[in-house]
1. Can you find a residue in the stretch A:181-189 that is within 11 Å of chain B (Cβ to nearest Cβ) and buried (at least 19 other Cβ atoms within 10 Å of the Cβ)?
2. Quickly run through the stretch A:310-328 and pick out the residues that are modelled with pLDDT under 95 and over 21 Å from the mean Cα position of the chain (by Cα).
3. Which residues, counting only those in the stretch A:236-251, are surrounded by fewer than 21 Cβ atoms within 10 Å (Cβ to Cβ) and within 26 Å of the chain's Cα centre (by Cα)?
4. Take the stretch B:262-313 and flag every residue that is touching a Cys at 6+ places or on another chain (Cβ under 6 Å) and farther than 15 Å from B:Ala85 by Cβ.
5. Could you tell me whether any residue of the stretch A:227-237 is at the interface with chain B (Cβ under 9 Å from one of its Cβ atoms), in a helix (DSSP H, G or I) and in contact with a strand residue (DSSP E or B) (Cβ under 7 Å, 6 or more places away or on another chain)?
6. Just give me the residues in the stretch A:175-193 being out of contact with any Leu (no Cβ under 9 Å at 6 or more places or on another chain) and either of a type in the set (A, V, I, L, M) or part of a helix (DSSP H, G or I) (or both), in sequence order.
7. Which residue, of B:Asp293, B:Asp307, B:Asp258, B:Asp282, is touching a residue at least 40 places away in the same chain (Cβ under 8 Å), among the charged types (D, E, K, R) and surrounded by fewer than 19 Cβ atoms within 10 Å (Cβ to Cβ)?
2 protein chains.
Amino acid sequence: MNQGELVEKVAKARREDSPMQTPRKIYLMTVVLAGVLFFTVALCQAADPLPSWNDTGSKQAIIAFVKKVTQKGSADFVPPSERIATFDNDGTLWAEQPMYFQFLFALDRVKALAPQHPEWQDNEPFASLLKDDIKGALAGGEPAIYQIAMETLTGVTTEEFEKIVKDWIATAKHPMTKRPYTEMVYQPMLELLTYLRAHGFKTFIVSGGGIDFMRPWAEKVYGIPPEQVIGSSVKTKFELQGGKPVLVRLPEVNFIDDGEGKPVGIQQHIGRRPIAAFGNSDGDLQMLQYTADGNGARFCLYVHHDDAKREWAYDRISHVGRLDKGLDEAQAKGWTVVSMKKDWKTIYSYHF
Amino acid sequence: MNQGELVEKVAKARREDSPMQTPRKIYLMTVVLAGVLFFTVALCQAADPLPSWNDTGSKQAIIAFVKKVTQKGSADFVPPSERIATFDNDGTLWAEQPMYFQFLFALDRVKALAPQHPEWQDNEPFASLLKDDIKGALAGGEPAIYQIAMETLTGVTTEEFEKIVKDWIATAKHPMTKRPYTEMVYQPMLELLTYLRAHGFKTFIVSGGGIDFMRPWAEKVYGIPPEQVIGSSVKTKFELQGGKPVLVRLPEVNFIDDGEGKPVGIQQHIGRRPIAAFGNSDGDLQMLQYTADGNGARFCLYVHHDDAKREWAYDRISHVGRLDKGLDEAQAKGWTVVSMKKDWKTIYSYHF
């Protein structure tokens, strides 16, 4: 309504109402509005922002931290621009067993690309992969993994790669649960992301996984836009292809965003220390150390995979997502260690 | 006021007011509020968001673009998450003559560090620099510049470097204007940044300058937070120094964010194509090409330094900020070319 309409409406109301009717109506309206306000406030206070979390120490520690850094007048108050929270992805926001989902993506890519590569039938690690012999393929160790990654992740433009990932994530299913991978995300962590953002935090992914493998779906699934995703990357090259400017993905590592690389990636992309960091493995340890050591209130959390029934149980001797040194340091420094078994009411948004 | 206080206030008002007084008071209050609303709306409509721009084609093109991508129902509407605008820094947001300000910072660093480097007295390019003979120092070409950069920008932690930059920017003065460097920013561009953000754009710096040279002051001066600054960088290394996790700046180039590097930097940090890009030199050409070629409405703008009286006039044959190929391509493709002389009412927030 513009100001002309508003003035006219007031004038009209005055014409229609007798002086005795007006206060009664306004009084009633005010009472009704006060009532609505009362119940809205009560409802907001009652609504649990973390309903998939049991009311245990982990949940209480999260809420206590958020309260103390966001309440005005708190000795630990942190201005919104400094409320940076970083999250590992594999094993922290979504599952990582029986192997990193990006590796399963690469295996599907090998099969999709095989017709264009007849030589793969006789060359490792591809020959084994095409026979679904993953163990045989990985016998070549890191060079084999590197070769698989370079063949499946490069040689296309960034926009072609984005489409490949989008198509895969829309159709591929987890080998054990038969669910789309985007349904293998942890419901309690989704609530945590939302809860932090509702309190002025900027949430980032800081993952050893490929930055361009996560970006095509992270905004839809986690509410995290591409510019807040940090990950490992290959080099890209600017080219004019028939006059069209594109970026071509080169078979050369640009950056490995894991372990000691995580604080480096954080500095490159964010340029300031997080005040809260969330991980699940030794690959996240340096990110948590770097976060914990900043000035003022800090929060570090490890997700501990201890629920063999509803998810997987692994830590010190796992090949994927090993949590060994990190578990010791978390205990020594009093970081929050989430027991998926005890602290999480639900794990996924559905039941297996 | 909480709901209890509100109810009490209404009850109190009812006790105090006679039925005949209430409608008159409310009517008067409504008329006053409508008046306030009327003038506020009128003021907002009248207020020019770009007061330092003359009402020429450049300003009209900017406003027309913003209108068409932000108005709901427009055929060119772009959702807020896709409203990415990238800005070069040197020569686009602040001045770059007689040489890049970061180079002037490096020269001051050489003098500050000289007592710790007695060997510099006899070795080039430092010996010349210490005698204020810049021309002599630069006789060594790119290797000399590289050596100066590495000696002055590395060997400290990221947090130590941040403090060095903050101290310098707070005290150093431009050699010709004698103004702090942060006052050598273009007032019309500050208004443009604010105008775009007010319309849901996310503004980024994409500069050939050092990412960690810009971040310490970009938020205060431009309203652009560290995580939205993209620039050239050296490698850093995570270390525990006496148990304290730090990042040490290494004397090794990590990334050059210039020319063909700009789209690469944009992909690394933002992960999507800008819809608007702003530059002033051939070093920005690939960023503008990359931006222009995306789907949907796009906006590319070159700031043309043609005002020898109020700033500097240079383009095709300048050593710093050369605009040659870019000027031809802008004219061929109909990009907006801002004449600082004709299009800008003021250049800085003050007069020399």
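1. Let us first name the residues in the stretch A:181-189 that are within 11 Å of chain B (Cβ to nearest Cβ), namely none.
Taking every residue of the stretch A:181-189 in turn, none turns out to be within 11 Å of chain B (Cβ to nearest Cβ) and buried (at least 19 other Cβ atoms within 10 Å of the Cβ).
2. A:Ile317, A:Ser318, A:His319
3. If the condition is that a residue be surrounded by fewer than 21 Cβ atoms within 10 Å (Cβ to Cβ) and within 26 Å of the chain's Cα centre (by Cα), then no residue fits.
4. Hits for the stretch B:262-313: nothing passes.
5. Yes: one or more hits.
6. Answer for the stretch A:175-193, where residues must be out of contact with any Leu (no Cβ under 9 Å at 6 or more places or on another chain) and either of a type in the set (A, V, I, L, M) or part of a helix (DSSP H, G or I) (or both): A:Met176, A:Thr182, A:Glu183, A:Met184, A:Gln187.
7. Numbers: B:Asp293 fails: touching a residue at least 40 places away in the same chain (Cβ under 8 Å); B:Asp258 fails: surrounded by fewer than 19 Cβ atoms within 10 Å (Cβ to Cβ); B:Asp282 fails: surrounded by fewer than 19 Cβ atoms within 10 Å (Cβ to Cβ).
On inspection, the qualifying residue turns out to be B:Asp307.
Listed here are the residues, each with its yes/no results for (1) surrounded by 16 or more Cβ atoms within 10 Å (Cβ to Cβ); (2) in contact with an Asp or Glu (Cβ under 6 Å, 6 or more places away or on another chain); (3) touching a residue at least 40 places away in the same chain (Cβ under 8 Å).
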| residue | (1), (2), (3) |
| --- | --- |
| A:Trp120 | yes, no, no |
| A:Asp132 | no, no, no |
| A:Gln147 | yes, no, no |
| A:Met150 | yes, no, yes |
| A:Thr158 | yes, no, yes |
| A:Glu162 | yes, no, yes |
| A:Lys173 | no, no, no |
| A:Val206 | yes, no, yes |
| A:Arg215 | yes, no, yes |
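The values are calculated or read from the model by the stated rules, or taken from the named source; none is laboratory data. Given the structure is predicted, the values throughout are model-derived calculations rather than measurements. So basically every Cβ, Gly included, is an ideal-geometry build from the backbone, and we count neighbours across all protein chains shown.
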